[in-house]
Amino acid sequence: MTDGTRSDGPPHTTGRTGRDAVVVGGGLAGVTAALALADAGVRVTLLEGRPRLGGLAFSFRRGDLTVDNGQHVYLRCCTAYRWFLDRIDATGLAPLQNRLDVPVVDAGKPEGRRLGRLRRDALPVPLHLGRSLATYPHLSLAERARVGRAALALQGLDLTDPALDEQDFGSWLAAHGQSARAVEALWDLVGVATLNAVAGDSSLALAAMVFKTGLLSDPGAADIGWARVPLGELHDRLARKALDSAGVSVRLRTRVTSISTDGNGRWSVQVPDGALTADAVVLAVPQRETYDLLPPGALEDPGQLLRIGTAPILNVHVVYDRPVLDAPFFAALGSPVQWVFDRTEASGLSRGQYLALSQSAAQDDIDLPVAALRERYLPELRRLLPHTRYAEVMDFFVTRERTATFAPAPGVGRLRPGARTEAPGLYLAGAWTATGWPATMESAVRSGVSAAEAALGALGRPRPRHLFALEEAA
Ligand SMILES: Cc1cc2nc3c(=O)[nH]c(=O)nc-3n(C[C@H](O)[C@H](O)[C@H](O)COP(=O)(O)OP(=O)(O)OC[C@H]3O[C@@H](n4cnc5c(N)ncnc54)[C@H](O)[C@@H]3O)c2cc1C
């Protein structure tokens, strides 16, 4: 074995510190941890099983199109992910709206009266949403007043109270006077997309965190950002470039099969063609893979990881021969369609329009054959977008992510481990770890920062000055 590198290859020559780390998993959590460690002068090797970085947020080619596996958005309050974009020099490629503005189309209403908007004004919280709520046409006057009262009650919840995680958000909303319509037209409209579960299946702690942070913290907190280029451009190409400049050795197509410690503070990471040794290991892989790789004694009850459920997201991709939507995105009501995004420019399509339907909490759809999904969704698009009635469908395909996120069910909070383990030198990262956030890019980046900070403390390295500051941002 060599010092901190492959046992079958030349050792690293940087020798900046004599301290080395291996990060397992090249999703956003692993890339973040690797960058943070390298920025602190640690010699880092990042191992990723797939031929690309980016984990669950990636792109692939389909003929002339570059397709994202799933539409990803973030909010202005996602300060860690925004730091990450900045760190990989990608901020300009995934800009935020100037001001929250979500067109909401209700397919159940007659044409001409279907469009509502959720937007904010330049007023302090909670007045910034007052006008939008007061004029939101998809709720009755009484429902709008009750939404306002529930929002104030949410504002009063103490997110540090562990009891919140034992309750479900749906029951809390019902107890606070929210009608089924208010849940559908407002709470689930936002909640399903951010939590990947309907209110009745969501932990009150996670839901309260999302709504308090996104809608009730800062007037601009819920302004929406999304990549105007394929996700792979950010999370693979630019991430790779940043890692290279930071001196991280990245090895793709390298699946870790086991990790072990010699008991004297050195770790050995087994890959198909040899082993690497290191002072610190960050496991930034999903919970089931973490369970498989954890050495004995690393967590008090590793079985808890297997009790964290997962939830699917389906994306339905439709290419029309002509423009059918005159907006970057909209959300739908009264239809199985949830959120629709215009992907034309980002995908490189030269003629017509490419729409991606992002369907969260897609348990009912995720295993349906493509033909059945086509039967289900094309007529719905004809109901929602009149111009599609005259357009020809040039391409129709779907991307299925069966384990897109952890299920944000009540009780999940106590199953999520923090960055530190019982094994000195071994750290955990991943959107599913205990960040307080639902499974998002923000959670992934925060977890990577936490794991790197814990490792740097143990390695006796100062945290890099420009690293995202978790506490200050909370
Ligand atoms: C369709 C879809 C839509 C989404 N929409 C949004 C959204 O709009 N906004 C948002 O914020 N989030 C969204 N998410 C969630 C977001 O993508 C994830 O939370 C985040 O990318 C998770 O990053 P991660 O690094 O924690 O894990 P992952 O991305 O799962 O990365 C783990 C990596 O570890 C690698 N790995 C696993 N085992 C091994 C091994 N043994 N050896 C080496 N490598 C290994 C995997 O190949 C993978 O690359 C969405 C997810 C999906 C799937």
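Once Rh is set to the Kirkwood radius over Cα pairs, what Stokes-Einstein translational diffusion coefficient, in µm²/s, holds for the chain at a temperature of 25 °C and a viscosity of 0.890 mPa s? Value of D from the Cα-based Kirkwood radius: 106 µm²/s.
Taking packing as the residue-averaged number of other Cβ atoms within 10 angstrom, the listed peptides 124-132, 235-243, 22-30 run from highest to lowest as 22-30, 235-243, 124-132. Subtracting the Cα-Cα distance of Ser350 and Glu375 from their residue separation scaled by 0.36 nm leaves 6.4 nm.
Dipole size of the chain about its Cα centre, with +1 on Lys/Arg Cβ and -1 on Asp/Glu Cβ: approximately 860 debye, rounded to the nearest 20. With respect to the chain, whose longest principal axis is taken over its alpha-carbon atoms, helix 204-215 is tilted by about 70°. Between the beta carbons of His387 and Leu141, assuming R0 = 35 Å, the FRET efficiency works out to 0.60 to the nearest 0.05.
Put one equal scatterer on each alpha carbon of the range 165-234, apply the Debye formula with no solvent term, and list log10 I(q)/I(0) at q = 0.13, 0.14, 0.19, 0.28 1/Å to two decimals. Reported log10 I(q)/I(0), two decimals: -0.43, -0.49, -0.78, -1.25. Between the beta carbons of Arg402 and Arg61, assuming R0 = 30 Å, the FRET efficiency works out to 0.85 to the nearest 0.05. So what is the relative contact order of the chain, in percent, for Cα pairs below 8 Å that sit 6 or more residues apart? Computed value for the chain: 24 percent relative contact order.
Label reach from Ala327 (point 7 Å along Cα→C-beta): in the range 185-209, amide nitrogens under 18 Å belong to 185-194.
What the phi angles of the range 461-468 give under the Karplus curve with 6.51, -1.76 and 1.60, with θ = phi - 60°, is a coupling list of 9, x, 5, x, 4, 8, 5, 3 Hz, glycine and proline written as x.
Rounded to 0.05, the FRET efficiency of the Arg253 and Glu471 pair, given R0 = 35 Å and the Cβ-Cβ distance, is 0.40.
The C-alpha atoms of the range 118-222 occupy a region whose extents along the principal axes are 34, 27, 22 Å, arranged from largest to smallest.
Over the range 351-470, how many percent of alpha carbon pairs lie in each 5 Å bin up to the one with the longest distance? Pair shares across the bins are 2, 9, 14, 14, 11, 10, 9, 9, 8, 7, 4, 2, 1, 0. Only Cα sites of the range 402-474 enter the Debye sum here, all with the same form factor; the resulting log10 I(q)/I(0) across q = 0.21 1/Å is -0.93, listed in q order. Think of the range 118-222 as having a plus end and a minus end, set by charges on the Cβ of Lys, Arg, Asp and Glu; of Ala175, Ala197, Thr135, Thr135 sits farthest toward the positive end of this dipole.
By the beta-carbon count within 10 Å of each Cβ, the least crowded to most crowded order of Leu139, Leu93, fewest first, is Leu93, Leu139. Size check on the range 259-298: the Cα extents along the three principal axes, sorted descending, read 26, 26, 15 Å. Distances between placed amide hydrogens fall under 5 Å for Ala94 paired with Arg228, all partners being 5 or more residues away or on another chain. How far, in degrees from 0 to 90, does helix 28-39 lean away from the longest principal axis of the Cα atoms of the chain, to the nearest 10? Its long axis makes an angle of about 40 degrees. In the chain, helices alone account for a calculated mean residue ellipticity at 222 nm of -8000 deg cm²/dmol, with every DSSP H run of four or more residues adding -39,500 (n - 2.57). Mean separation of Cα pairs under 8 Å and 6 or more residues apart, divided by the residue count, gives the range 310-405 a relative contact order of 49 percent. Of all DSSP-defined beta bridges confined to the chain, some 75% are antiparallel rather than parallel. Scattering from the range 310-405 was approximated by placing one identical point on each alpha carbon and applying the Debye formula without solvent; log10 I(q)/I(0) at 0.13, 0.19 1/Å stands at -0.41, -0.88. Between the residues Val210, Pro162, Gly148, the greatest Cα displacement towards the positive end of the dipole of the range 118-222, with unit charges on the Cβ of Lys, Arg, Asp and Glu, is found for Gly148. Once you reduce the range 138-196 and the range 268-332 to the center of their Cα atoms, the two points are 29 Å from each other.
Considering only Ala332, Ala311, Pro424, and ranking their Cα positions along the charge dipole of the chain that arises from unit charges at the beta-carbon of Lys, Arg, Asp and Glu, the one farthest toward the positive end is Ala332. Computed from Cα atoms, the angle from the helix 141-155 axis to the main principal axis of the chain rounds to 20 degrees.
Between the alpha-carbon centres of the range 22-45 and the range 402-461 there is a gap of 14 Å. The distance between label points at Arg420 and Ala122 comes to 4.6 nm (points 7 Å beyond Cα on the Cα→Cβ vector).
Since every read-out is calculated from the coordinates, none of them should be taken as a lab result. Owing to the predicted nature of the structure, the values given are computational and were not obtained by experimental measurement. A quick note on method: Cβ atoms are made from the backbone with ideal geometry, for glycine too, and the neighbour counts reach across all protein chains shown.
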